[in-house]
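Participant: Please find one structure pasted underneath; my questions will follow.
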C-alpha cells in the first residue's frame, strides 16, 4: 500500500496557496529579516493532538522522493555556524498553516534559507566559523534528582525554544536515570552556540495520567534538569 | 522571477550558496550517492540489522549495548549524539517517537522513514500506542507493558527486538535478514523465519 501525507496531497490540490505563500517568504529572507515573530507554542508540538488519522506507511520508500530533497538535506552542512536547536527553532517559526502544508524537506528548506541569510552566506563569501557539536560524554557528578524521585515538569511557557512537549507540562513523573548531559536547548537556540552541559533525565509518566484511563502505557521523555522541580 | 516550487527554491538556494563558495554541487551529488548506496558501515537499516543479529548471538556484545551503547557501537559508527538501546522482552515492548520533530537513531539507521516524521505518528503514538501499533499489524498483548519513548533531548534510542523462534543455529548474516527497520523502532517484529525472501523490508 502506498499512501502520501494528506497535507502534501492537500497542497498538491491547491497550488494557489503555495503561490501566495512563496513570494512573501522569499522576499522576507532576501531582506535579511529572519523571522517576523517568535514563539514556541507551535503546531510542531504535536504529541497527543487529535484528528490526524491513520499513519501513512509507504512500503520500500526511497531515501529521497525528489532530487531536490536530497540536495536540501546535503545543504544542511553549509549552515554550520549554528546549533541543532536553532535549526529546530527556526522550523518552529513557520506559520502553522505553512508547516502543516509542507513536507519534511520543505520545512528543512524553509529553515536553511533563513539560517543561510542569517549567517550572510547568500551575500558574502565570508563564512562564520562552524559551531562544534559537544561530545556525548556524560559529565561527572550528581544532579538534583535521583532515580526513583518524583519530579514535576515545570510550566515551560516561553517565547523561546523548549524541548518540553506541551502534553507533559505540570505532570508528575518518576526519574528513571540520567540520560545524558547536553547544553540547554533554549540557550543554544537563542545564541546559535552551545553552552555548558546540563543533566538530562529520563522521566517516566503514567499514560493514564496524561491521556485518560484508557491509556495503559508508560511514556518516557528526556528532560533537562532545569525543566524539572520537586512536586 | 518568483520562485514557487520547493525544487526551484532549493535550486536557487544552492546556486546562491555555490556562487559565494559555501557549497560544492559535486560534493552534494557525492553525499546523496553515498547515502543512497549506504555501503559498508554507512548508517542504514541493514547496519542496524547487523548490530541486532550480533546482539542475539553474542551475550557480551548485547550486555555492552544495554549498558554502554555509545562505546559498544563505536566500532560500527562514530556516535555524534548519545544512543541507548532498549531491549524488548516477553513482558515489555518499547516503541520510539519524536513528537516535536524527527529525532531518530540516524547515526545507526540512517534517515528515518517518512511515516516516522508524519504528523499522524507524532501526534498519536504517545496517546494511543496500541491502536497505532495495531495499524502496523502489531498487536501487543494486554499483559505486555508498553513503553513509548518520546525523543525530546539528544538521547537517541534503538529498540533491540526479540529474536524470533525458529532461528536457532542461524549465523549473524542470516539472522540480519529477518531484522526489519520497524522492529528496531518498535512498530514491528522481526520477520518470522521463512516469511522473508532475504530482502531487507523497509516497512
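Participant: Could you check residue B:127 against (1) out of contact with any strand residue (DSSP E or B) (no Cβ under 6 Å at 6 or more places or on another chain); (2) under 26 Å from residue B:192 (Cβ atoms); (3) modelled with pLDDT of 95 or more; (4) not in a helix (DSSP H, G or I) and say which number it fails?
Facilitator: (2)
Participant: Could I ask something else about it? Mind checking which helices (runs of 4 or more DSSP H) fall wholly inside segment A:94-199 and carry at least 3 residues that are closer than 19 Å to residue A:46 by Cα?
Facilitator: Those helices (runs of 4 or more DSSP H) span A:96-101, A:104-118.
Participant: Return the residue satisfying two criteria in turn: it lies in segment A:155-165 and is buried (at least 20 other Cβ atoms within 10 Å of the Cβ) and more than 8 Å from chain B (Cβ to nearest Cβ), and of such residues it is farthest from residue A:231 (Cα to Cα).
Facilitator: The qualifying residue farthest from residue A:231 (Cα to Cα) is A:161.
Participant: Can you name the residue in segment A:187-206 that is surrounded by fewer than 22 Cβ atoms within 10 Å (Cβ to Cβ) and under 27 Å from residue B:127 (Cβ atoms) and, of all such residues, is farthest from the other protein chains (Cβ to nearest Cβ)?
Facilitator: A:206
Participant: Going residue by residue through segment B:144-151, is there one that turns out to be farther than 24 Å from residue A:162 by Cα, touching a strand residue (DSSP E or B) at 6+ places or on another chain (Cβ under 8 Å) and at the interface with chain A (Cβ under 9 Å from one of its Cβ atoms)?
Facilitator: Within segment B:144-151 (the criterion being farther than 24 Å from residue A:162 by Cα, touching a strand residue (DSSP E or B) at 6+ places or on another chain (Cβ under 8 Å) and at the interface with chain A (Cβ under 9 Å from one of its Cβ atoms)), the answer is yes, since at least one residue qualifies.
Participant: Another question, then. Would you call residue B:102 in a helix (DSSP H, G or I), surrounded by fewer than 22 Cβ atoms within 10 Å (Cβ to Cβ), facing chain A (nearest Cβ under 9 Å) and in contact with a helix residue (DSSP H, G or I) (Cβ under 6 Å, 6 or more places away or on another chain)?
Facilitator: The answer is no for residue B:102.
Participant: Now, a different point. Would you mention how many residues in segment B:52-87 are in contact (Cβ under 8 Å) with a residue 40 or more places away in the chain, away from every other protein chain (no Cβ under 14 Å) and not in a helix (DSSP H, G or I)?
Facilitator: Selection size over segment B:52-87: 1.
The values are calculated or read from the model by the stated rules, or taken from the named source; none is laboratory data. Just so you know, these numbers come straight off a predicted model, no measurement behind them. Using ideal geometry, Cβ is built from the backbone for each residue, glycine included, and neighbour counts are taken over all protein chains shown.
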